[in-house]
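Everything on this sheet refers to the single structure shown next.
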Amino acid sequence: MYPFAQGPSSTYIGDVKLMGTVAIVTGAASGIGEATAREFARRGAIVVAVDRNAERLAVVAQDLVDTSPTSCFEVIDVTSRTEVEKAVATVTHTFGRVDIVFNNAGIPLHKHVIDTTPEEIEKVFAVNFFGAMYFTSAVLPGMLERKRGSIINVTSVAGYIPNPREAAYGATKAALSMWSHGLQNELYGTGVHVGVISPGPTATEIWRTFESPASYSGKLYPPSVVARAAVKMVERNIGHMTAPRQYGLLGAMYPIFGRQMRWGLRRFDKDAQSRLKR
């Protein structure tokens, strides 16, 4: 773990529930993870920023010190159970506990199923699902012992609506969502809160790393929308949120109007491909 020298703390403006908590944020070097790490720190949490991009992570973590002087960072690969368990043990030894885990680390897989290999699917599951599972399993015993804690898993609207060329990616998010909701049932009454945030189209690096052209070409929302939802979820023990909220309606409609929605998605994607060929 890489600590920074303590500096002056800025004025606290957040909810008391976050003040002084120890929060691990994965995928914190950019996008939603970075925005959430900054928001947690601004509201008084001690943030342990986690990512595999050491250079970018160090820059983000240094900025966190301006508002949360004891914040630090860990450079690890979330697909390694050994590295995850070691990181959680280090954080627990240093701060005495882990209060919040924000499982955000994720990678895209935007390819037609015919062009997708089993190895690629295994890789995206290793990051998007098993990475979150490793962190959850590592922090859960301590949270259960203290009868408090919050685990927030970042899924996606793509886990509810099958977007073109995202079958494998959507499957990872659907699996994480269902597993998280199962945890909510099994951990009821223990004092441990489990929440699911399903972002809509968000302006992150994921949109610059597609293997094939994206089918969606509409508005991208800033990561701060998801970060604010994460704060609200922790403060109010909310079980599920969609950010932005209006995308929750699409997920609710799919089981009823799935056939029509699939037709619309295929038609939209066909039109998008036609435009690219012009």
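No value in this document is a laboratory result; all are computed from the given coordinates. No experiment lies behind these values; they were computed from the predicted model shown. Ideal geometry is used to build each Cβ from the backbone, glycine not excepted, and the neighbour counts take in all protein chains shown.
If neighbour count is taken as other Cβ atoms inside 10 Å, put 226, 48 in order from fewest to most. It would help to have the intermediate numbers written out before the result.
Values: 226 27, 48 31.
Lowest to highest Cβ neighbour count: 226, 48.
For the peptides 99-105, 233-239, 66-72, the ranking by packing is 99-105, 66-72, 233-239, with the highest mean count of neighbouring Cβ atoms within 10 Å listed first. For the listed residue pairs 86/219; 147/219; 111/232; 86/123; 147/173, the alpha carbons are over 31 angstrom apart in 86/219; 147/219; 111/232. Fewest neighbouring Cβ atoms within 10 Å first, the residues 73, 125 line up as 125, 73.
Karplus-based coupling profile of segment 113-118, in residue order and whole Hz: 4, 5, 9, 9, 9, x, with θ = phi - 60° in 6.51 cos²θ - 1.76 cosθ + 1.60 and x standing for Gly or Pro.
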